[in-house]
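First up is the structure itself, then whatever we jot down about it.
Coordinate-derived values only; no laboratory data. All figures in this text were calculated on a predicted structure; none of them were measured in a lab. For neighbour counting, all protein chains shown are included, and Cβ atoms are generated from backbone atoms with ideal geometry for every residue, glycine included.
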């Protein structure tokens, strides 16, 4: 399947189809900058009302940070970090976990990411609050240690 077709499938109403497209795009992003050409689409997806679409866009931004020579992610990092406190806790968790990829690829953003990880106001339900707290702590530790 071509990358452009997978990009279109990211917004498919069938979650299984969209997730399969996401997985394929992530795999390509790990070793090639081919998917990065769609970075503007991922930035746009961050604003989508549908949390699944929003999450896919955030995830692809993180996985393509290493290819971001034009600093588009630097320009939208505040918007990305705002999703640490997304309305949907699952989006918050994914964004926090994937922020380690951005910090590794773009060390100049590490301090800003660390501040966002260490300061938060949003309170989720008890079951999610502890998970998100642990995600923040784990991500901060990985960034400090330069891990992925």
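For helix 126-145, what angle does its Cα long axis make with the longest principal axis of the chain, in degrees from 0 to 90 and rounded to 10? For helix 126-145, the angle is close to 80 degrees. Extension gain, residue 23 to residue 119: 0.36 nm times the residue separation minus the Cα-Cα distance gives 31.5 nm.
Structural size metrics of the range 95-148, computed from C-alpha coordinates, are Rg and Dmax of 11.1, 34 Å.
Can you give the helix-only mean residue ellipticity at 222 nm for the chain, where every DSSP H stretch with n ≥ 4 adds -39500 (n - 2.57) and the sum goes over all residues, rounded to the nearest 500 deg cm²/dmol?
Taken over the chain, the calculation gives -21500 deg cm²/dmol.
Relative to the longest principal axis of the Cα atoms of the chain, the long axis of helix 51-63 makes an angle of roughly 90 degrees. Extending 7 Å from the Cα toward the beta-carbon at both residue 49 and residue 97 defines two label points whose distance is 2.8 nm.
Across the chain, the mean sequence separation of Cα contacts (distance under 8 Å, 6 or more residues apart), normalised by length, yields a relative contact order of 17 percent. When each of the peptides 12-19, 34-41 is scored by how many other beta carbons lie within 10 Å of its residues on average, the order from highest to lowest is 34-41, 12-19.
Extension gain for residue 145 to residue 75 (0.36 nm times residue separation, less C-alpha to C-alpha distance): 22.7 nm.
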